[in-house]
Each structure stands twice: as structure tokens, then as C-alpha cells.
Amino acid sequence: MGVSMILSNEQLLQAYQSSILSIYDEIIVTNLKGMILFRSGELKNFWSTNSISLKGRMFTELEEISFFGDPILQLLNREVHSLQLKAWNGSHMLITVYTSNSDSEELIIWGLKGISDQLDDSTEISDGEVTKHTPSIVVHSPKMRDVLNTIEMVSKVPTSVLLLGESGVGKEMIAKTIHQLGNRSSKPFIAVNCGAIPENLLESELFGYVGGAFSGANKNGAPGKFELANEGIIFLDEIAEMPMNLQVKLLRILQEKEVTPLGSSKSIHIDVQIIAATNQSLEKMVREGRFREDLYYRLNVVPIEIPSLRERIEEIPYLIYHFAAKYNTLYNRNINILPDAIDLLCIYDWPGNVRQLENTIERIVVTSRELNVNASLVYHCIPWKKDTIKEPPIINHIMPLEEAVDMIEEQLIKMAMDKYKSVKLAAKVLDISQPTMSRKYKKIREKIQEETLSPSNKRKILEQHLNKQLRSMAIVTSAAIHPEDISELVNHNASSSNPTFQKVQKKLTQIREQEGIIEWVYIFKAVDHNKLLTIVADEDFVIPPGVLYDGPPEMMEVAFEAMNGIAGVTPLYEDIYGEWKTSFSPIIDHDGKVLAIIGFDHSKSYIENELKKIENMLKTN
């Protein structure tokens, strides 16, 4: 879309300002390289920096901290002229590109317009899907996608559901989602915390009572929670805290669909779906005689295990933006949490899970005196353990050089994080990549926490740690691949001359070079006869596109699990190209469909080196 005009830069801005701003909320003028020359108008509550500091910066530099993917690069390269984008802060916008000739150079004019949500208040967008009457659940991991699929199925039937998971993972939110997705959404949802009500009051609270049932009782009596939840759902949180005598009554409700108020001999028929939740092992309590076995089986018809935040690290940035938007709206604030702060928040273990993360973000929004919150400000909001940063080691005796290097590396990483409080800044100071810094620092913190374990448990955990690292890296890195590009390549079998093929190949090559620990990066899709077809790969990959690959069984098993949506890491295996350990992650479109898988090959020498480091940490070599 070209417009030829011979104007100075200032005249150009003035000429377009009134006309373009009547269409867009903001216009930005850059040169062909993407350097910002002018800016007019303002896209409210979007940029994490002020208008003065935008001038002179590269638009592509803002891309990383503002948008998912690399849309600015696509527009600069003239691959598209207009895009609807989702920003990191959850807002949506339309960007349209115009070109113009000035007296000195060709310029690019960017028209930016915020897009308001056209859906009604009862509609939420979650993981790319529109779901009616659903609480806002952030779903950006395979495990939570499995949870969402399960609750969508059980919401259609009145069966008992048992929610399992650590404190703070969001069990009540899941229960509310089941209620609002199901046929009982217009009926009551009653939540009861069995651990928060004194035992002597819990019976009357749950089952109700008649007048004169006990001293101080209301003369007219009162309905219990089960009666209030009739035709709807009752959510029994901390079900493990329910006394044994009340477990008998609950079992009768499940069996007979009747409740008998305290002090009455008459039963009341009820139709209630029961959702129970616990952070304890009911199976263990049954073995110990602290929970009725028959009640356990009645409640455990559909168990749903909700993963801890440690198991879905990839969701933390999305949760941060979700909660920041929530509390900015609630408290009429405009706090922006910057990427280096998000890096730091992703490193923390979050023993209190989503609830602790939400409380922390609320605290940041409420107490921050700065509109843009960086890592140093966030650091003081996280309850780091006192022994997280230990005294640096002193080498005062002869030891193997590699062991000494590991000790010094650990010391430098701790010192850098202690001083700068930011993975990004610490990585720059130490001259290593940010992903490498994140992995190394996370490994150090886990090592500190595991030092109290027995040697056998240490070995088991640390031997699993490498696979966890590789799996996490695969999941995070796969998010950099646009599913639209992969869909085009998969469906049209594009050749190496295809621009989309070239763009993806360049991206994969950059990933390999940036990480520095990957031998090859490639994208496969499954075909008939249990074989894999190469779609696209980095420039050095040995298998050309369109060629079938049939690997060893242990490798193919993990690859096909990834095609089913489950990221994983292979054991060390050998094929005609060498010995490898490969991490696979699915590439999923916005509808939740697996398009292909991305694989990362790690050489045997790299794996052996990492395992040797583990042995050094265990002091068992």
C-alpha cells in the first residue's frame, strides 16, 4: 500500500496526523530499518515506556517486550501489510503499514488501533478458544489443557468429582468452571471449607438443623449447605478434614440422595452434585484408618489432578499479565511488569502456587510507586529463603580442574544474581545467553534445596533434572514457532524456495546458535507406517525436507507421544547419524490441534558432560 509524496519528515507527520489518527489510536513513523522517528497519538495503557524514550529506539526492540512472536519483523519485511496482534499484557490491536517517500529517505508509517472485546461479559477467551459462561482460566500448558478437557467432559454429567493438588493450585476455580460449563450453571454453587469450620459447628452448617436442636439454635431452624445447594453443586474443600462421624452422613447423602437436619427425624430429598477437593493423599488416610474407604470410592469417581505451578512454568508469564490486568482494573492503577521482572518471577518456586503468585502480583500493583516495575523492585516482594545465596566457595586445596570450574561458575552466578536481581542483567554481565543463565541459576537453587536429602534420593532427583531442563527448554522454545507457518508447510508440502520455509529455517538456525547446546533443530510430522517426515530444519540438519525418518523404538515412542500433545525427552539412543538424546515438544494451533513436533538433538558428549557435573555435585564420582 504505497503513497508517494515529496515532503520533509516534519511535514509528512503533520500531513498524515489528522487523517490517520481519525482511523487509528496512534501512529509511529520509522525508517526502513525500523528506527522510530516520530510518534503521535497514544494507544492507552500499552507501551511500557514513555513517548520520549520511544524516539530513536528500534521498533523490533519493542517487539520482544510487547508482542507474542515476531509480527513487526513480518511487517518490516513486507510479508503482510496488516496484522491483528495479541500483546503480552493481554490487549488486542490492529497494526497496518503504509510506506511513503520523503525528501531524504523512504519511511514506514505504522497505524495502531486497539481492539475492544466484542464479546459479552459472560464470555471469556482462554487459550485461543471462546467459552461461554466460563471463569477466566489461563491455559498454556499440556497438563492444564488436559485438565480443561476433563472438566469439559465431567461438567455434562452429575457424577462426583475429586480435585487433587497442592494448596493454591486453583481447585475452587476448577470447581466453579465445572459448575458454569454444565447443565447446573443456573442453579446454586455452594462452597464449604471443611477445615475452616469448627467440628462442633460443621454438622449443623452442612446438614442444617430444626428449632431447638441445640442450645442457642434459631427457633425456626436453618437449612444446611446441602439443602441450599439443591439442584446445583456443593464444593467440599479440604474434605480430608471432615470428622469420621460426619463422613458417615456424607456417605448416606451420596447413596440415598437424602439429608437429615440436626434434631430432626425427617429426611429431605436433595439433588446435589458433589465436588470434593484435598491436598492430602486420601488413599494413605484410608490405609491409616482416618478416612472411610467406602466414602473415598464414592468421591473418587472422576479424580482430576491439578498440576503445581512448578510443573507448568510456561504459564507463569501469562498468569502474571492476567493478574496484573485484574488488579490494575480493580484498583484503578496502570502498573506494567517488565520482562526482566517476569524472568525473576519465573525462577521462584512458588510453594503457594497460583494463589501465592496472585497475591504477589496484587501486592506489586498496590504498593509500587513506579509505573514500570523492573526486577530489582520485584525482588523484594518474593520471600527468598535466607540460604538461597550462600557464601562463595573458597578453593584452598588441589582438586580436579573441571570441578573447580563448576564451583567458580556457581559462585559467579550467585554473585551476579545477588547484585542485579535479574536473569537478563546477570546474563549480560556474565556474557552468556539468557536461557542458559535461567537454567544454570534454577539448577543451583534446586541443588541448595536438595542438599538435605539422602544420597540415594539426591541421585534419583538430579538424574531426572537434566531431562526436566531439556523438556522445559523444548516447550518454551517451541512457543517461538508460529503455528500458522507450520500449518502452511504441513498442508502444502512447501519446498525450500517457499518464503515461509526459509523464514522458519532461519528461525530454527537462530535457536540452535543461540542455545549453543543443541546439535540440530528440526520439525517432523507423523505419517503412515509409524514414520516421521521432515518438514523443515536448521541449515545444518542432515535429513532433507520431505524425507522419511524411522528411528529406534525408544526415540519414536517419545516422538509419537509428542504428536499426541505430550512433550518428552528420549533416553540416549543410537541411529545412523550418531548417539543422541532428543527432546520433543508439540506445535499446537489455536484450536488445540497438534500440527507437528519440534525436536532438539543433544550429542552424547554433551549429555555425558552434564551427567558428570551431576556426579560432581553428588560427590560420588
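Scanning the stretch 475-525 for residues that are in contact with a strand residue (DSSP E or B) (Cβ under 6 Å, 6 or more places away or on another chain) and part of a loop (DSSP other than H, G, I, E, B) yields a count of 3.
Among the residues here, residue 235 does not qualify as assigned by TED's automatic domain parsing to the domain that holds residue 177, touching a helix residue (DSSP H, G or I) at 6+ places or on another chain (Cβ under 8 Å) and over 26 Å from residue 176 (Cβ atoms). For residue 111, are the conditions met, namely being on the phi > 0 side of the Ramachandran plot, at pLDDT below 90 and among the small types (Gly, Ala, Ser)? Against the criterion (on the phi > 0 side of the Ramachandran plot, at pLDDT below 90 and among the small types (Gly, Ala, Ser)), residue 111 does not qualify. Before we move on, is residue 540 without any contact (Cβ under 8 Å) to a residue 12 or more places away in the chain, surrounded by fewer than 16 Cβ atoms within 10 Å (Cβ to Cβ), out of contact with any Gly (no Cβ under 6 Å at 6 or more places or on another chain) and of a type outside the set (Ser, Thr, Tyr)? No; evaluated as a whole, the condition is false for this residue.
For the stretch 330-337, the condition holds for no residue, the condition being that it is surrounded by fewer than 16 Cβ atoms within 10 Å (Cβ to Cβ), touching a residue at least 12 places away in the same chain (Cβ under 8 Å), farther than 28 Å from residue 428 by Cβ and assigned by TED's automatic domain parsing to the domain that holds residue 172. Restricting 360, 388, 367 to residues that are at pLDDT below 80, assigned by TED's automatic domain parsing to the domain that holds residue 439, farther than 25 Å from residue 477 by Cα and hydroxyl-bearing (Ser, Thr, Tyr) narrows the list to 388. A single entry from 316, 342 fulfils the requirement of being in contact with a Cys (Cβ under 8 Å, 6 or more places away or on another chain), in the same structural domain as residue 375 (by TED's automatic domain parsing) and modelled with pLDDT under 90: 316. Restricting attention to the stretch 526-542, the residues that are assigned to a helix (DSSP H, G or I) and out of contact with any strand residue (DSSP E or B) (no Cβ under 9 Å at 6 or more places or on another chain) add up to 2.
Scanning the stretch 221-244 for residues that are charged (D, E, K, R) and more than 10 Å from residue 270 (Cβ to Cβ) yields 225, 237, 238, 241.
For the stretch 352-374, the candidate set comprises residues that are free of Cβ contacts under 8 Å to residues at least 60 places away in the same chain, out of contact with any Ser or Thr (no Cβ under 8 Å at 6 or more places or on another chain) and of a type in the set (S, T, N, Q); within that set, the residue that is nearest to residue 443 (Cα to Cα) is 360.
Residue pairs whose Cβ atoms lie under 9 Å apart, sitting 6 or more positions apart in sequence or on different chains, and linking a residue in the stretch 182-202 that is in contact (Cβ under 8 Å) with a residue 24 or more places away in the chain to a partner that is part of a helix (DSSP H, G or I) and of a type in the set (Gly, Ala, Ser), are 189/175; 191/175; 194/240; 195/240.
Going through (1) within 22 Å of residue 436 (Cβ to Cβ); (2) in a loop (DSSP other than H, G, I, E, B) one by one, residue 545 falls short only on (1).
The residue of the stretch 514-529 that is modelled with the lowest pLDDT, among those that are more than 25 Å from the chain's Cα centre (by Cα) and farther than 21 Å from residue 588 by Cβ, is 529.
Within the set 458, 442, 447, the sole residue that is surrounded by 15 or more Cβ atoms within 10 Å (Cβ to Cβ), modelled with pLDDT of 80 or more and of a type in the set (D, E, K, R) turns out to be 442. For the stretch 328-351, a residue qualifies if it is part of a loop (DSSP other than H, G, I, E, B) and under 21 Å from residue 441 (Cα atoms), and the qualifying residues are 338, 348, 349, 350, 351.
The values are calculated or read from the model by the stated rules, or taken from the named source; none is laboratory data. Just so it is clear, the model here is predicted, and its values are computed rather than measured. Glycine gets a Cβ as well: all are built from the backbone with ideal geometry, and neighbour counts include every protein chain shown.
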